1. Measure nothing but the geometry: give the 0 to 90° angle between the long axis through the Cα atoms of 137-151 and the longest principal axis through the Cα atoms of the chain, rounded to 10°.
2. What Kirkwood hydrodynamic radius do you get for segment 222-274 when you take the inverse of the mean 1/r over all pairs of distinct Cα atoms, in Å?
3. For segment 12-147, which semi-axes, largest first and in whole Å, follow from the square roots of 5 times the eigenvalues of its Cα gyration tensor?
4. Would you calculate the convex hull of the Cα atoms in segment 184-239 and tell me its volume per residue in Å³?
5. Write down the Kirkwood hydrodynamic radius of segment 117-274, to one decimal in angstroms, obtained as one divided by the mean of 1/r over all alpha carbon pairs.
6. Grab the other residues whose beta carbon is less than 12 angstrom from that of Pro235, score K and R as +1, D and E as -1, and report the net.
7. Compute the FRET efficiency between Ser100 and Glu186 as 1/(1 + (r/R0)^6), taking r as their Cβ-Cβ distance and R0 = 41 Å, and round to the nearest 0.05.
8. Return one number: the angle in degrees, 0 to 90 and rounded to the nearest 10, between the long axis of the Cα atoms of helix 235-246 and the longest principal axis of the Cα atoms of the chain.
Amino acid sequence: MRALFPGQETGFLFIREAMNLSGKIVLVTGASSGIGRATALAFAKEGARVVVCARREDRLEQVIEDLKQAGAPAVHSFLLDVQDRAAVEAAIAALPAEWSAIDVLVNNAGLSRGLTKVYEDDPLNWEEMIDTNVKGLLYVTRAVVPGMVERGRGHVISLGSTAAYTTYANGAVYCATKAAEKSISEGLKIDLMGTPVRVTSIDPGMVETAFSEVRFRGDSERAAKVYQNITPLQPEDIADAIVWAASRPVHVNIHTVVLTSIDQANSTVFHRHS
Ligand SMILES: NC(=O)c1ccc[n+]([C@@H]2O[C@H](COP(=O)([O-])OP(=O)(O)OC[C@H]3O[C@@H](n4cnc5c(N)ncnc54)[C@H](OP(=O)(O)O)[C@@H]3O)[C@@H](O)[C@H]2O)c1
């Protein structure tokens with residue numbers, strides 16, 4: 001029998017061994033804020049070598065500082081707009097040799113723009129969401145996965161959402177981008193059959209990050225109302241789920257993790273404390 005992963009040839013001895021993330025190379029897109037930042041920190045705490053990227057240099061520099069403070073063994077960074085296909089290809093191709101063998105890709109970069117009826121919305125909002133959440137995810141995946149297949153190891157973890165399962169009012173296009181992420185993750189898993197590369201979609205409900213402020217273009221009062229009288233998930237809760245999926249034994253593929261706060265049932269049903 002050809003062993004696809006270390007330990008397979010020895011039978012079942014490997015089964016209960018969690019994947020040791022120490023020394024693994026983890027690339028997190030959109031690491032300058034929220035879930036991406038928390039995920040980079042969580043992997044660093046496991047001893048992983050993290051590669052962080054995003055567009056805002058000042059925010060990214062702060063995250064690098066935070067990673068160092070948290071004792072990250074090694075950090076590499078670059079500026080990247082995932083909407084720019086040529087830039088994505090160039091950035092992955094330009095990774096220094098000691099950083100190029102990516103073990104875990106976290107496709108986290110994403111955003112929502114506006115909360116408006118489709119027939120009244122500005123098409124620029126749709127373009128930014130589709131270009132980032134769908135095309136950006138595809139560009140990074142396309143640039144990284146061939147190396148994983150070649151090396152015979154790897155894991156692609158993408159940020160979906162409960163929005164992929166239930167469309168909410170005025171959010172048709174954002175929900176559609178997350179439904180696309182769900183289909184892309186499912187399809188990628190099928191495409192990777194026969195290789196040991198794993199695919200996971202992490203699908204959170206409401207998480208308290210800059211997400212709503214970005215959606216409402218800096219209107220922090222409106223953004224704060226989203227989380228009013230509710231206990232939202234924190235970015236660290238999502239980072240926990242991501243690290244858990246990545247650290248399962250190598251023969252285990254976690255397909256989907258759907259997680260919400262105790263006050264949320266799905267993308268439309270919330271319990272607001274009075
Ligand atoms: N918060 C929630 O309730 C929630 C729920 C479900 C899923 N999600 C998903 O979780 C992911 C992270 O969101 P978050 O809540 O952590 O929001 P956030 O705090 O606003 O972080 C979003 C991150 O994505 C990056 N980003 C946005 N556009 C980018 C681009 N074109 N190229 C590269 N990086 C880009 C941002 O960095 P720069 O601006 O510096 O580039 C930032 O680091 C997103 O995919 C989001 O859809 C969030």
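1. 10
2. 13.1
3. 29, 17, 16
4. Working: hull volume 5.4 nm³, N = 56.
Output value, Cα hull per residue: 97 Å³.
5. On the way: mean 1/r = 0.0591 Å⁻¹.
Mean inverse Cα-Cα distance, inverted, gives 16.9 Å.
6. With Lys, Arg at +1 and Asp, Glu at -1, the neighbours total -3.
7. That pair, Ser100 with Glu186, gives E of 0.90.
8. The angle comes out near 30 degrees.
Coordinate-derived values only; no laboratory data. These numbers come from a predicted model, not from an experiment. Methodologically, a virtual Cβ is constructed for each residue, glycine included, from the backbone with ideal geometry; neighbour enumeration extends over all protein chains shown.
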